[in-house]
1. Any idea which of (1) surrounded by 15 or more Cβ atoms within 10 Å (Cβ to Cβ); (2) closer than 18 Å to residue 122 by Cβ is the one residue 214 doesn't satisfy?
2. If you go through the range 91-141, how many residues are out of contact with any helix residue (DSSP H, G or I) (no Cβ under 9 Å at 6 or more places or on another chain) and hydrophobic (A, V, I, L, M, F, W, C)?
3. Six or more apart or on different chains, Cβ under 7 Å: which pairs go from a residue in the range 33-59 that's at positive phi to one that's in a loop (DSSP other than H, G, I, E, B) and of a type in the set (S, T, N, Q)? Could you list them?
4. What do you reckon, is residue 105 in contact with a strand residue (DSSP E or B) (Cβ under 7 Å, 6 or more places away or on another chain) and more than 30 Å from residue 289 (Cα to Cα)?
5. Please enumerate the residues belonging to the range 129-156 that are of a type in the set (A, V, I, L, M, F, W, C) and either more than 29 Å from residue 63 (Cβ to Cβ) or in the same structural domain as residue 279 (by TED's automatic domain parsing) (or both).
6. Conditions: (1) closer than 19 Å to residue 21 by Cβ; (2) surrounded by fewer than 18 Cβ atoms within 10 Å (Cβ to Cβ). Residue 109 meets all but one. Number of the miss?
7. Scan the range 167-182 for residues that are crowded, with 21+ Cβ neighbours inside 10 Å and farther than 24 Å from residue 105 by Cβ and jot them down.
8. For the range 120-151, enumerate the residues that are in a strand (DSSP E or B) and over 28 Å from residue 172 (Cβ atoms).
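The values are calculated or read from the model by the stated rules, or taken from the named source; none is laboratory data. As the structure is a prediction and not an experimental result, all values here were calculated from the model. Cβ: placed from backbone, ideal geometry, glycine included. Neighbour counts: every protein chain shown.
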Amino acid sequence: MEARIRAVVVTRDRPIELRKAIEGLLAQTAPLDGIIVVDNAGDIPASATLAGLPAEIIRSPGNLGGAGGFRTGMERALEYGADWIWLMDDDAIPDAGALSRLFDSLADLPPNTGALCGAVTEYGRLARRHRRYFNEAFGIECSVPKRLYDEPWVEICTASFVGFLVSAVAVKSIGLPEAEFFLSYDDTEYSLRLKQAGWRTFLIPGSHIVHLRPANSRMRVNPFGQKHYYNVRNRIAVRRRFCKFPMIAALDGAIFGILIWLLSRKPFSLCSFGTFRRALMDGWQERLGPFPGDEG
């Protein structure tokens, strides 16, 4: 029996990118059993954007964040009996052979392979930070070296959900992504949870995805706001949860947060500093959930 593969895409108000992403999924040389789009209550309904395209759309009553959106989509994929679930951002465009190259590699990989992912390109060049190693003692992270992208496969520790193909068996064994992370680092937490349970994750460099990330989305060109908050808070919380020396690891995460804050636009404004301070405090206490004040 051939493996049943469902794609899950989480979206919110990116109609042009979303349509390109779905068209990229439909163009795959390896057949998908279906595409599930989780519309995070955006102002532009995904149903209008994807009119005429064969994708199931789940419109949430409110913004679940990336973490909650992937959780919702993966849960639906499991209900359909998917064997593998391919997670994708709404601005990620896979090459036509991206899925087949991931799946073909399984023949050479161990049976406890829990997830596979391809190489990501942003701004016309390789974006190595999407595939990383993670030091479980102190939480130090580093990207996979560029020279290893010439290999047929590379075992890694963590990967973003930009083209993350995960085994349904592995998902059933560790559970779904935690919605409380809301945005950012939920994929790192999930990757580490897979690793902790004995599942292995592999980068398949021959599989390619173009991430249509706009230049103005870079954190350093914007004031320290909600996206920065989630990145810093969740980074610290993950280190406290998974590292052998959680206090030292969390401190490393806090130092990285300070750098993000200082490099952001207008870091010393009262609003930016207040948000930064809250990110540190919430991360240290592992107080997750939506941005403070957005709970409703």
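1. Failing condition for residue 214: (1).
2. So the answer is 6.
3. Every condition considered, the pairs that remain are 41/60; 41/63.
4. Numbers: in contact with a strand residue (DSSP E or B) (Cβ under 7 Å, 6 or more places away or on another chain): yes; more than 30 Å from residue 289 (Cα to Cα): yes.
Spelling it out, residue 105 is indeed in contact with a strand residue (DSSP E or B) (Cβ under 7 Å, 6 or more places away or on another chain) and more than 30 Å from residue 289 (Cα to Cα).
5. Applying the first criterion (of a type in the set (A, V, I, L, M, F, W, C)) to the range 129-156 yields 134, 137-138, 140, 142, 144, 148, 153-154, 156.
Listed by number, the residues that qualify are 137, 138, 140, 142, 144, 148, 153, 154, 156.
6. Every listed condition holds for residue 109 apart from (1).
7. Taking the range 167-182 as the starting set, the residues that turn out to be crowded, with 21+ Cβ neighbours inside 10 Å are 167, 170-171, 177, 181-182.
The answer is 181, 182.
8. Looking only at the range 120-151, we keep the residues that are in a strand (DSSP E or B), and these are 120-122, 125-126, 131-134, 141-143.
If the condition is that a residue be in a strand (DSSP E or B) and over 28 Å from residue 172 (Cβ atoms), then 121, 122, 125, 126, 142, 143 are the ones that fit.
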